[in-house]
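*Asks:* Below: one structure in structure tokens.
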Amino acid sequence: MLEPETAGSEEAGQPEEASLDAFSRLLLRVCEAWAVIGGVIMIALITMSVVSIVGRKLFATIVPGDLEVLQMGTAVAVAAFLPYCQARDRHLRVDFFTIKMSRRKRALLDAFGAILLAATSALIAWRTAVAAIDSYHSGEVSLMLGWPTWYAIAGIVPSFVLLTLGGADVARWKLQICRGGSHPGGGAAHGHQGSKLELHSAQGSRS
């Protein structure tokens, strides 16, 4: 069963920005800005593709190297969306095996997943940075435009650095829930809200 994220549920996603601690709030804003940059890049790529397709059909001309630009730009843009999704903890969950678990056990599993994600993202960021440096030193360029390929490779690195930080931050407040607390900076209100949601869910399942 796919579990949609609900704004008021502690185990599902992060609380409102006003209730976050300073680090989580700063990280969220940086991830938001980075996702906006990714969106701008994606819109520019879509516009370029439309112009190239229309030009090919109507005027027998295309944007030179459009496929190369599309490939490199899409990689950078899509990677830029990942940190915001993680910072908000808005990934879809398949909760078929965990739906009957307690809130703390689910938070523990979420923390474990977030730690794995952070470790994997850190590894990818490291190896991608190494690949960008190697591409820079080798002078590798694209086939049609002759653009240095290390530009696109290096553009992916900040996204995975932010994804690493997002995974670590999510793991931090998931583990705090496991210890019986609420989100960092969330105060007691979020804990009470989560308890009420669980109570309503339990009453609904009995009826």
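The values are calculated or read from the model by the stated rules, or taken from the named source; none is laboratory data. In this text, all values refer to a predicted model and were calculated from it rather than measured experimentally. So basically every Cβ, Gly included, is an ideal-geometry build from the backbone, and we count neighbours across all protein chains shown.
*Asks:* Can you name the number of the only condition in (1) at pLDDT below 95; (2) in a helix (DSSP H, G or I); (3) surrounded by fewer than 13 Cβ atoms within 10 Å (Cβ to Cβ) that GLY146 fails?
*Replies:* Condition (2) is where GLY146 drops out.
*Asks:* Is one or more of the residues making up segment 168-180 in contact with a helix residue (DSSP H, G or I) (Cβ under 6 Å, 6 or more places away or on another chain), aliphatic (A, V, I, L, M), surrounded by fewer than 18 Cβ atoms within 10 Å (Cβ to Cβ) and more than 25 Å from LEU26 (Cα to Cα)?
*Replies:* Let us first name the residues in segment 168-180 that are in contact with a helix residue (DSSP H, G or I) (Cβ under 6 Å, 6 or more places away or on another chain), namely 168-171, 174-175, 177-178.
With aliphatic (A, V, I, L, M) added as a condition, the list becomes 168, 170-171, 175, 177.
Right, trim to surrounded by fewer than 18 Cβ atoms within 10 Å (Cβ to Cβ) and you get 175.
Retained after the next criterion (residues that are more than 25 Å from LEU26 (Cα to Cα)): none.
Looking for residues that are in contact with a helix residue (DSSP H, G or I) (Cβ under 6 Å, 6 or more places away or on another chain), aliphatic (A, V, I, L, M), surrounded by fewer than 18 Cβ atoms within 10 Å (Cβ to Cβ) and more than 25 Å from LEU26 (Cα to Cα), one finds none in segment 168-180, hence no.
*Asks:* Also, I was wondering about something else. Write out, first by first residue and then by second, each pair whose Cβ atoms fall under 8 Å of each other, whose residues are 6+ apart or on separate chains, and whose first residue, in segment 74-99, is within 18 Å of ALA35 (Cα to Cα) while the second is hydroxyl-bearing (Ser, Thr, Tyr) and crowded, with 18+ Cβ neighbours inside 10 Å.
*Replies:* Correct list of pairs: VAL76/SER159; ALA79/SER159; ALA80/SER159; LEU82/SER159; PRO83/SER159; ALA87/SER24.
*Asks:* Let me ask something else about it. Which one of these does GLY185 not meet: (1) within 27 Å of ALA80 (Cα to Cα); (2) surrounded by 14 or more Cβ atoms within 10 Å (Cβ to Cβ); (3) at pLDDT 85 or above?
*Replies:* (3)
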